[in-house]
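Worksheet: the structure to be examined is printed underneath.
Bear in mind that the values in this text are calculations on the coordinates, not laboratory data. Not measured: the values here are computed from a predicted model. Virtual Cβ from ideal backbone geometry, glycine too; neighbours counted across all protein chains shown.
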Amino acid sequence: MLDIVFMIIAFIITIPIIVTILLYFLFKYLYQNPIKAFHRAINWTTILYIAAVNVILTELFGGFYIGYCIGVLLCMLTILIIIQWKKDTEIDYRKAFKFLWRLSFLLFFVLYLVLVLYGVIRNILI
């Protein structure tokens with residue numbers, strides 16, 4: 001029984017695109033608004049893309065990359081807060097974290113696609 005749970009979690013982490021699509025249709029059914037459903041699906045699956053990128057990096061290159069990912073996220077947050085401080089002279093942390101979360105989805109989604117493509121090409125050539 002526990003093996004089945006671990007297999008489901010591994011599947012969800014390795015292929016977060018399917019979870020994103022399923023959540024999109026679920027939220028679209030619940031809210032009757034495709035834009036709100038899209039945002040909710042992205043918000044709920046961002047952490048899956050971060051985990052998937054870490055797993056793929058570990059499988060492709062060995063080592064642990066979670067520290068680098070946290071460092072990148074902290075650097076992006078610092079840059080966003082500095083930009084917000086320069087622009088408005090008042091910092092809204094909620095707005096900064098929301099923007100960071102959406103920006104990290106874009107970054108890790110693109111990294112996920114690139115790493116999957118690289119892994120497939122690497123396995124075909126080897």
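How much length, in nm to one decimal, is gained on full extension between GLU59 and PHE25, taken as 0.36 nm per residue of separation minus their Cα-Cα distance?
Between GLU59 and PHE25, full extension yields an extra 9.1 nm.
May I ask for the angle, rounded to the nearest 10°, between helix 2-14 and the longest principal axis of the chain, with both axes built from Cα atoms and the value confined to 0 to 90°?
That works out to roughly 60 degrees.
Note down the nm distance, to one decimal, between modelled labels 7 Å out along Cα→Cβ at PHE97 and at ILE121.
Placing both labels 7 Å along Cα→Cβ, they lie 3.8 nm apart.
Per q in 0.13, 0.16 Å⁻¹, report the Debye log10 I(q)/I(0) for the chain, using one uniform scatterer on each alpha carbon and no solvent.
Rounded to two decimals, the profile gives -0.67, -0.93.
Give the separation of the Cα centroids, region 65-126 to region 1-63, in Å.
Measuring centre to centre over Cα atoms gives 16 Å.
Taking the Cα centre of region 2-125 as origin and charging only Cβ (+1 Lys, Arg; -1 Asp, Glu), how large is the dipole, in debye to the nearest 20?
Using only the charged Cβ atoms, the result is roughly 420 debye.
Quick one: if the Förster radius is 41 Å, what FRET efficiency do ILE9 and ILE82 give, using the C-beta to C-beta distance and rounding to 0.05?
0.65
Can you work out the Karplus-derived ³J(HN,Hα) for every residue in region 107-121? Use 6.51 cos²θ - 1.76 cosθ + 1.60 with θ = phi - 60°, whole Hz, and x for glycine or proline.
4, 6, 5, 5, 4, 4, 4, 5, 5, 5, 4, 4, x, 5, 5
At a threshold of 8 angstrom on Cα-Cα distance, excluding pairs fewer than six apart, so keeping six or more, what relative contact order does the chain reach in percent?
Value for the chain: 23 percent.
For the peptides 76-87, 100-111, what is the packing order when you average, over each peptide's residues, the other Cβ atoms within 10 Å and list the highest mean first?
My ranking of the peptides, most packed first, is 100-111, 76-87.
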